Amino acid sequence: MKISLIIPSRNNLRYLKWCYDSIRKNQGKHEVEICVADDASTDGTWEWCTHTMTNDSNFKAIRNEGPDRQGLVILNDKLLEEVASHDICMVFHADMYLCPGAIDSIEEQLKDKTIVSLTRIEPPLHPPGPEKIVEDF
């Protein structure tokens, strides 16, 4: 399966690198295009993105020069409309970790005109919901 992962980020380089490594480590047999939007970061995110683009042909990045932030919604739309090249896209966040077999599970559940969501596991920073497991580690 070919899939584009859409990842907006702002000053989250430490986690973005971890996220990137988890995707490449756990993508399995799938062609995964990683699409990052840097939202005027000042932590070296853009420099890391430009370096990564030279070494990974399935990594694409755009940058909001700022100084104002554009935010997740605008950057998700830009990545979907202007950057992603695969028909199947998944919204991902820079502080997420892709677990082994996740894309296989998506492929198994994906049917025409459907939305597939992975279950999130997160600390109790936000309200609970049916789409996630809340656990304080």
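Here are some notes:
- Hey, residue 103 closer than 18 Å to residue 23 by Cβ and β-branched (Val, Ile, Thr) or not: yes
- Scanning the range 11-38 for residues that are more than 19 Å from residue 90 (Cβ to Cβ) and either in contact with a Gly (Cβ under 9 Å, 6 or more places away or on another chain) or among the hydrophobic types (A, V, I, L, M, F, W, C) (or both) yields one hit, 13.
- Subset of the range 50-60 [among the hydrophobic types (A, V, I, L, M, F, W, C) and either open to solvent by less than 60 Å² (accessible area, probe 1.4 Å) or in contact with a helix residue (DSSP H, G or I) (Cβ under 6 Å, 6 or more places away or on another chain) (or both)]: 59
- Test: residue in the range 39-49 that is within 27 Å of residue 104 (Cβ to Cβ) and either surrounded by 15 or more Cβ atoms within 10 Å (Cβ to Cβ) or at pLDDT 95 or above (or both): no
- Residues located in the range 7-51, provided they are under 22 Å from residue 87 (Cα atoms) and of a type in the set (Val, Ile, Thr): 7, 23, 32, 34, 36
- Test: residue in the range 8-18 that is out of contact with any helix residue (DSSP H, G or I) (no Cβ under 8 Å at 6 or more places or on another chain), open to solvent by less than 10 Å² (accessible area, probe 1.4 Å) and more than 15 Å from residue 78 (Cα to Cα): no
- Verdict on residue 36 being among the aliphatic types (A, V, I, L, M), over 17 Å from residue 15 (Cβ atoms) and open to solvent by less than 20 Å² (accessible area, probe 1.4 Å): no
- Per the conditions (1) farther than 21 Å from residue 26 by Cβ; (2) in contact with a Pro (Cβ under 9 Å, 6 or more places away or on another chain); (3) surrounded by 14 or more Cβ atoms within 10 Å (Cβ to Cβ), the sole criterion not satisfied by residue 63 is (2).
- Residue match in the range 77-98 (condition: charged (D, E, K, R), at pLDDT 95 or above and surrounded by 15 or more Cβ atoms within 10 Å (Cβ to Cβ)): yes
- In a residue-by-residue description of the range 21-33, the property of being under 14 Å from the mean Cα position of the chain (by Cα), surrounded by fewer than 18 Cβ atoms within 10 Å (Cβ to Cβ) and small (Gly, Ala, Ser) applies to at least one position.
- Criterion: farther than 28 Å from residue 47 by Cα, open to solvent by less than 90 Å² (accessible area, probe 1.4 Å) and within 17 Å of the chain's Cα centre (by Cα) - qualifying residue of 101, 129: 101
- From the list 114, 54, the one residue that fits, being farther than 23 Å from residue 11 by Cβ and β-branched (Val, Ile, Thr), is 114.
The values are calculated or read from the model by the stated rules, or taken from the named source; none is laboratory data. Since the model is a prediction, treat every value here as computed from it, not as a measurement. Every residue, glycine among them, receives a Cβ derived from its backbone with ideal geometry; neighbour counts consider all protein chains shown. Heads up: the accessible areas ignore ligands, DNA and RNA and are worked out on the full protein's heavy atoms, side chains in. Shrake-Rupley method; radii C 1.70, N 1.55, O 1.52, S 1.80 Å.
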